[in-house]
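*Asks:* Encoded as structure tokens, here's the structure I'll be asking about.
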Amino acid sequence: MKKILSALLLVAAAAPLKSQGRGLETPRAAAPIDLTGYWVSVVTEDWRFRMMTPAKGDYPSIPLNAEGRRVADRWDPAKDEAAGDTCKAYGAAAIMRMPGRIHITWQDDLTVKVETDTGAQTRLFHFGRPQPPAGPPTWQGFSVAEWEYAGGGRRGRAAVQGGDLKVVTTHLRPGYLQKNGVPYSGDAVVTEHFDALNKEPNGDQWLIVTTLVEDPQYLNQPFQRSTHFKRQADETGWDPSPCTAR
């Protein structure tokens, strides 16, 4: 009887790993693509919204509702600075859009860590059916990750090596979708797909991060953006800098 109970416990403990990988592999061992290393953002669109702080009221492509426009039009960076809220544009819904470098590693077999030099932020992506935290919301929220393997039925996405990483983030502290005060609320849900493309003939490799933000408080409809990064050979140019409100 003891042997049977021990076997059942082993099966139960392995179930979360099996659901996020293949067989009894950990998510790290079962990764269909290698996201680790240093990546630099390549700004090919929205230059004036990403490389500089837009003027108040400049948000033509974001589907804000009336309340979202009202909040955005009241943006005052001096008030954010006085309140210690200089990182409002560096939360999970917008940080990947910030120009700069990211460093991706495995914190452990169940957790991917993403560090940004812009704003010096750290994101953790948790595999294995994790439970949301009991503490207050944070800029980076709580992110649940899973691998999506090639051939799993998803269409209309880039041709990836063997799959992609899907990340869903909730438990967010309210922040900005754009540095000029365009808001997202604490009820926002951020869904991301990290696609590492096959290497090009010249050796370049690209990472495409597709971000979908759903926020019934401030948006009329889901808001999606795709952001491009190129793999670097090493940490050259890595220069963490603090958040700024302007």
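The values are calculated or read from the model by the stated rules, or taken from the named source; none is laboratory data. Keep in mind it's a predicted model, so treat the numbers as computed, not measured. For neighbour counting, all protein chains shown are included, and Cβ atoms are generated from backbone atoms with ideal geometry for every residue, glycine included.
*Asks:* Looking at segment 38-48, which of the residues that are modelled with pLDDT of 95 or more and touching a helix residue (DSSP H, G or I) at 6+ places or on another chain (Cβ under 9 Å) is surrounded by the most Cβ atoms within 10 Å (Cβ to Cβ)?
*Replies:* The qualifying residue surrounded by the most Cβ atoms within 10 Å (Cβ to Cβ) is Ser41.
*Asks:* Give me the pairs, please: first residue somewhere in segment 135-150 and at pLDDT 95 or above, second residue anywhere and of a type in the set (Gly, Ala, Ser), beta-carbon distance under 6 Å, and either six or more positions apart or on two chains.
*Replies:* Within 6 Å, the pairs are Pro137/Gly186; Trp139/Gly91; Gln140/Ala92; Gly141/Ala92; Trp147/Gly163; Glu148/Gly163; Tyr149/Gly163.
*Asks:* To continue, here is another question. Take segment 1-37 and flag every residue that is modelled with pLDDT of 90 or more and in contact with a Ser or Thr (Cβ under 8 Å, 6 or more places away or on another chain).
*Replies:* Residue satisfying the conditions is Thr36 alone.
*Asks:* Which number in (1) in a strand (DSSP E or B); (2) of a type in the set (S, T, N, Q); (3) within 15 Å of the chain's Cα centre (by Cα) marks the one condition that Gln107 misses?
*Replies:* Evaluating Gln107 over (1) in a strand (DSSP E or B); (2) of a type in the set (S, T, N, Q); (3) within 15 Å of the chain's Cα centre (by Cα) leaves (3) as the failure.
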